[in-house]
Amino acid sequence: LATRHRNICFVSTFACFLSRAYDQVRMGAISQTEINLVGSHAGVSIGEDGPSQMALEDFALFRAIPGAACFYPSDAVSCERAIELAANYRGLTFTRTSR
């Protein structure tokens with residue numbers, strides 16, 4: 001997924017599923033891969049999706065990656081700005097969104 005400044009890549013899934021790929025994401029950050037990850041359905045109250053879809057530790061995992069920028073916007077306006085910041089960041093970013 002290394003883009004070498006040609007493309008701006010975004011990957012989006014439920015945040016709890018990104019924890020499965022943590023070791024690959026960590027190695028990508030060490031290799032200076034520029035990728036933007038977006039994890040949705042964060043928190044303990046996500047509705048009918050159930051407890052297996054709740055992401056609780058995702059933000060802590062990505063904060064532990066050296067050089068990663070992490071965003072947790074509170075509404076649609078701040079989410080738009082966070083995505084803009086992520087697109088312009090050189091390196092790995094993680095944006096956590098609520099349902």
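The values are calculated or read from the model by the stated rules, or taken from the named source; none is laboratory data. This one's a predicted model, so the numbers in the text were calculated from it and none came from an experiment. Cβ coordinates were reconstructed from backbone atoms using ideal geometry, including for glycine residues, and neighbour counts include every protein chain displayed. Calculation scope for accessible area: heavy atoms of the full protein, side chains included, ligands and nucleic acids excluded. Shrake-Rupley method; radii C 1.70, N 1.55, O 1.52, S 1.80 Å.
So the check is Cβ under 7 Å with 6+ separation or different chains; which pairs have a first residue in segment 17-36 that's within 25 Å of M54 (Cα to Cα) and open to solvent by 50 Å² or more (accessible area, probe 1.4 Å) and a second one that's modelled with pLDDT of 90 or more and not in a helix (DSSP H, G or I)?
The qualifying pairs are R26/I65.
With modelled with pLDDT of 85 or more, open to solvent by 20 Å² or more (accessible area, probe 1.4 Å) and of a type in the set (D, E) as the only criterion, which of D49, D75 stands out? Spell out the reasoning first.
Numbers: D49 fails: modelled with pLDDT of 85 or more.
Only one candidate qualifies: D75.
Do the conditions hold for V44, that is, is it open to solvent by 80 Å² or more (accessible area, probe 1.4 Å) and modelled with pLDDT of 95 or more?
When the stated conditions are applied, V44 does not pass them.
Looking at (1) at pLDDT below 95; (2) open to solvent by less than 50 Å² (accessible area, probe 1.4 Å), can you tell me which one T95 breaks?
Single failed check for T95: (1).
Looking only at residues that are touching a Gly at 6+ places or on another chain (Cβ under 7 Å) and among the charged types (D, E, K, R) in segment 72-99, which one is nearest to Y22 (Cα to Cα)?
The extreme case among them is R96.
Quick check on segment 52-71: of everything there that is part of a helix (DSSP H, G or I) and at pLDDT below 85, which residue is surrounded by the most Cβ atoms within 10 Å (Cβ to Cβ)?
Within segment 52-71, the subset part of a helix (DSSP H, G or I) is 52-53, 58-63.
The next check asks that each one be at pLDDT below 85; those that pass are 52-53.
Numbers: S52: 7, Q53: 17.
In this case the residue turns out to be Q53.
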